[in-house]
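Every number here is computed from the coordinates shown, using simple stated rules; none is lab data. Keep in mind that this is a model prediction, so the values were computed, not measured. All Cβ positions, glycine included, derive from the backbone under ideal geometry; neighbour counts span all protein chains shown.
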């Protein structure tokens, strides 16, 4: 996918300005509530006409205000999945799924019902009505309905926002499959860092109506200066890694990345699987000499790059561990006791139990294919 956005739009006193290009399989609009993410999504969908600018999707111009060009939403071939499933309550799941398909010319239908049923595991729901579905099942049906229009682009506006944590865990693997297997590019809106870290191939960071960062999640999500204040408490690093082996005797999985070897609670994925590992700043301790008698299993040598005061009595330390940048959140007293300054050699200490299911995810397909050339 090639999506080029260059738009300006005023909504009362709020001004949205966005200028970026993305070629990612799943482009995540990330930022706090009220930053303009959904407004930008609605401009792409054709629900809102921007005051100025252009939108180009795969060499097809959808908007160009200089030429007075505005493709109406029903001709854009864009699927939209909302926060709420918005299914027709009087129709069965089968009827809901097929509803949007009739608006797509027969010769342009590239996705069939069986593909969607298998991809989203909803074949057993076909004869039910929405009132008999769980929240996660409703969202899977809503995604299936959007896919059956054979869209050129799928827009997802915080599709997990109304679900509890268990239902989120139920549906996230299906969105991963959608990203990797459906051959439909996705623009995904979220203010949840764990969701974006897990799903995105490109991150567009939006703050106060402005795009303040664009790039791979391993770069954008690791920059504390770019993260909005509302998510700064979860800053850290997103690291590409690979599953090296399983230690079944102790219920651990051995992970290797460029920074070194890490241990995590046992993962249900095969050896050799590339993964993403989110190491939160609050989970990293620092030692100035290698600790030999410590319960934490993960000790990585590194060097201090920067020390930045971030609040009352707190500092954030940026570390370079063999080319992998980590962050550690410490008290100013700890910084003083350890004499932490740029250039000092240190050890990053990370408890294995902190690498839980919220911090580990399977890498997108493109990263999986390139993993052998990027991992140690």
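Using the Cβ-Cβ distance between residue 308 and residue 357 with R0 = 30 Å, the FRET efficiency computed as 1/(1 + (r/R0)^6) comes to roughly 0.50.
Using alpha carbons only, how many angstrom separate the centre of the range 35-84 from the centre of the range 249-274? Each part's Cα centre sits 42 Å from the other's. Taking the average, over residues, of other Cβ atoms within 10 Å as the packing measure, peptides 23-35, 196-208 rank 196-208, 23-35 from highest down. Classification of the range 25-174 by its C-alpha gyration tensor yields an oblate form. The axis ratio a/c (a ≥ b ≥ c) is 1.5 or more, and b/c is at least a/b. In this rough spin-label picture, where each label sits 7 Å from Cα along the Cβ direction, the residue 4-residue 88 distance is 3.9 nm. The distance between label points at residue 332 and residue 14 comes to 3.6 nm (points 7 Å beyond Cα on the Cα→Cβ vector).
Highest average first, the peptides 334-344, 249-259 ordered by how many other beta carbon atoms sit within 10 Å of their residues are 249-259, 334-344. Under 20 Å from a label point set 7 Å out along the Cα-to-Cβ vector of residue 107, the amide N atoms of the range 58-87 belong to 60, 75-78. Within the set (i) 22.5, 70; (ii) 20.0, 64; (iii) 20.8, 69, the number that Rg and Dmax of the Cα atoms in Å takes when calculated for this structure is listed as (i). Fewest neighbouring Cβ atoms within 10 Å first, the residues 80, 74 line up as 74, 80.
Applying 0.36 nm per residue to the separation of residue 98 and residue 295 and subtracting their alpha-carbon distance, the gain on full extension is 65.4 nm. Residue order for 288, 235, 92, fewest other beta carbons within 10 angstrom first, comes to 288, 92, 235. With the cut-off at 1.5 for a/c, could you classify the range 11-68 from its C-alpha gyration tensor as rounded, prolate or oblate? Since a/c reaches 1.5 but b/c is at least a/b, the shape of the range 11-68 is classed as oblate. Summed over qualifying helices (DSSP H, 4 residues or more, each -39500 (n - 2.57)) and divided by its residue number, the chain shows a 222 nm mean residue ellipticity of -6000 deg cm²/dmol. One decimal place: the segment residue 73-residue 60 gains 3.3 nm when fully extended, by the rule 0.36 nm per residue minus the C-alpha distance. Annotation: the antiparallel percentage among DSSP beta bridges lying fully within the chain is about 80. Sorting 112, 6 from the fewest to the most surrounding beta carbons within 10 angstrom yields 112, 6.
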